[in-house]
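Rule-based calculations on the coordinates, nothing more; no lab input. Here the structure is a predicted model, which means the values were calculated and not measured. Every residue, glycine among them, receives a Cβ derived from its backbone with ideal geometry; neighbour counts consider all protein chains shown.
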Amino acid sequence: MDSPLSPPPLSIAIIGAGIAGVTLAIALSEHNPNLSLTIYESRREFSAVSAGVGFGPNALKAMALISPKLIAAYDQVKTPNLWPEKDHLWYEFRWADTGKLVLQVESEKGFAHCNASRVHLLASLAAIVSGTVKVEFGKRLIDVQDSEDAGFGNGGTGKTRIRFEDGTDAFADAVVGCDGIRSACRQILLGEDEKSAHAVYSGKYAYRKMVQMKKAIEAVGPDVENRQIYLGKGRHVLTFAIRGGQMLNIVAFKDSGGAPWTQRQWVVTSSREALLKDFAGCGDRASKILELIDEPEKWALFNHLPAPTYAKGNLCILGDAAHATTPHLGSGAGCAIEDVHLLSGLLTPSLIKSASDIKCAFLAYDALRRPRSQDLVRKSRAQGHILQLESELPDLANGNREAWQEYLEREMDVNPRWVWNVDLEGMLVQARELFESIRQGEKCAVDA
């Protein structure tokens, strides 16, 4: 039992109850039960966009290192390729116009890639959040003020002040922004005038929809039960099984031809006619899949420019709030899980004794996670150009299929494996060493 003179537990506010924020809450409650954790979410309940998500071996490794509970939660909702003989494949790539198989990309070391509904995954994760974690809905963030800026507004606690749109305040020793691509935390941390504070349009958009797998099989045959990508100039179509194989997730990507995205909303309701017009002439097989779609959602694909930092004082950003990426490597959510692994591995009882220690941990997290995550954003945009057969290389610009096949075989062997092959344990060791160095430097500065 705590002594009446014992200091209160250190408190961390997690802004955002999406996959990143909920996973962080699970990880921190497992790794440091001494922390007082509160999730603040702007919506009225746990909710996620109606889209698919997939994790590579890097993300599953991070989950396993954090907690076996995460693996169990994912196992409940994941769907692999439905043919057992193809569970070792990442994707099969075909020319959209002919339907001809171009190449099959194998997973790393026999890893079985799976996909899940974001809605179902978030629900599965939310179900294992510790009862000690407080969750407050309807809390839209408008400002974060550290103890120096907050002045008397922090109630004399010395804590960071968190202000919400409903006029209420909260106080915590540290804040982690997991509030997505339109992150208020990112804008507060970097400043409104910083160019990288706001996401930018990638020049591509996508139509998304889930359809019944039974209808897809009737349209194009049973091999639609396995992950496919149809490649075309300035456009490509991706499909994979979801919800236990009962549904097919379809994403049809299109280059905007340099046209800006002018609508305020980034996800808008479109029409079957607009979709089919954008993908006219894309081949019999891909067209039959797209013809199954009614009232597709049209998504503008935005991403972040490289931020100069992910941490300032006792505020840091994680996941899409830090490094929102296009989906062309299928690794945005997985990168967020990597973030959680490293940050939760720093915020342990053996390292964190005070709020100033959390600040040091945030700086170490920034130094180790920012380079890799920003590389992912860049590589994902480049992957989008490859999948849409866009290149200025002479042999590729003229559409030479033999040259493109050689190029695809090389690039599809390199790019995803860069994502998958990461030494997460070694990265955490480096982060802890850096943490100790930063903390010693902070102590020396105070002593001086």
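What the table shows:
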{"read-out": "Size of electric dipole in the chain: Cβ of Lys, Arg +1 and of Asp, Glu -1, about Cα centre, debye, nearest 20", "value": "700 debye"}
{"read-out": "Residue among 320, 395, 143 with the largest mean-square fluctuation in a Gaussian network model of the chain, springs linking Cα atoms under 10 Å", "value": "395"}
{"read-out": "Full-extension gain in nm, residue 410 to residue 350, via 0.36 nm per residue minus C-alpha separation", "value": "17.1 nm"}
{"read-out": "Cα long-axis angle, helix 19-31 against the chain (0 to 90 degrees, to the nearest 10)", "value": "50 degrees"}
{"read-out": "Selection from 116, 431, 99 lying farthest towards where the dipole of the chain points positive, charges on Cβ", "value": "99"}
{"read-out": "Listed residue pairs exceeding 21 Å between alpha carbons, taken from 195/359; 233/379; 312/353; 78/288; 86/254; 139/359", "value": "195/359; 78/288; 86/254; 139/359"}
{"read-out": "Helix-only [θ]222 nm of the chain, DSSP H runs n ≥ 4, -39500 (n - 2.57) each, per residue, nearest 500", "value": "-12000 deg cm²/dmol"}
{"read-out": "q = 0.06, 0.09, 0.11 Å⁻¹: log10 I(q)/I(0) that the Debye formula gives for the chain, counting C-alpha atoms only", "value": "-0.27, -0.59, -0.87"}
{"read-out": "Residues residue 200 and residue 268, FRET efficiency given R0 of 22 Å [Cβ-Cβ distance, rounded to 0.05]", "value": "0.75"}
{"read-out": "Distribution of pairwise C-alpha distances over the range 200-303, 5 Å bins, in %", "value": "2, 13, 24, 25, 18, 11, 5, 2"}
{"read-out": "Label point 7 Å beyond Cα of residue 128 along Cβ direction - residues of the range 13-41 with amide nitrogen under 20 Å", "value": "17-35, 37-39"}
{"read-out": "Protection proxy ranking, peptides 325-338, 209-222, 397-410, average beta carbon neighbours within 10 Å, highest first", "value": "325-338, 209-222, 397-410"}
{"read-out": "Inter-label distance for residue 137 and residue 108, nm, one decimal - labels placed 7 Å from Cα along Cα-to-Cβ", "value": "3.7 nm"}
{"read-out": "Dipole of the range 200-303, positive direction: furthest Cα of 283, 219, 257, with charges on the beta-carbon", "value": "257"}
{"read-out": "At R0 = 22 Å, FRET efficiency that the Cβ-Cβ distance of residue 101 and residue 393 yields, to 0.05", "value": "0.40"}
{"read-out": "Candidates 366, 339, 278, ranked by Gaussian network fluctuation over the chain, Cα under 10 Å, top entry", "value": "278"}
{"read-out": "Separation between Cα centres of the range 113-133 and the range 21-76, rounded to whole Å", "value": "7 Å"}
